Amino acid sequence: MSEHKRPGPYPAEVRERAVRLVFDHQHEYPSQWKAIESISETLGVNHETLRNWVRRAETDAGKRPGLTTDEREKTVLSRHSTGCSGIAGLHSASAR
């Protein structure tokens with residue numbers, strides 16, 4: 001993990017356990033979403049937060065399209081090193 005990244009309010013162990021619980025028990029529910037709702041309530045985690053963690057884990061495992069966590073970090077670091085600040089940079093450049 002990059003030292004530049006702000007840690008979330010939940011420890012990595014909590015995120016990993018919650019995602020593992022969804023993957024291990026989703027077959028017991030009519031949908032993955034219902035598993036996420038139930039497990040998030042049990043663990044005291046917001047259901048949308050858990051859904052995002054599950055989606056990120058699926059992407060990192062190659063089960064869902066998109067940038068992996070490592071690819072996303074490399075993209076952010078390269079933007080910082082080239083001085084690109086995203087949309088905010090575009091707005092300030094167009095105002096000149």
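Read-outs: derived from the displayed coordinates by stated rules, not from any lab. Just so we're clear, the structure is a prediction, and the values are computed from it rather than from any experiment. Cβ sites come from the backbone with ideal geometry, for glycine too, and all protein chains shown count toward neighbours.
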| remark: Each label sits 7 Å from Cα toward the beta-carbon; between Thr75 and Asn52 the label points are separated, in nm, by 1.6 nm
| Note, ³J(HN,Hα) from phi for the range 27-32, Karplus 6.51, -1.76, 1.60, rounded to Hz, x at Gly and Pro | 5, 8, 10, x, 8, 4
| said: Just want to confirm a number: the relative contact order over the range 10-65, from Cα pairs under 8 angstrom separated by 6+ residues, in percent. | reply: 31 percent
| remark: Going residue by residue through the range 59-66, the Karplus relation 6.51 cos²θ - 1.76 cosθ + 1.60 with θ = phi - 60° gives ³J(HN,Hα) values, rounded to whole Hz and with x marking Gly or Pro, of 5, 4, 7, x, 8, 9, x, x
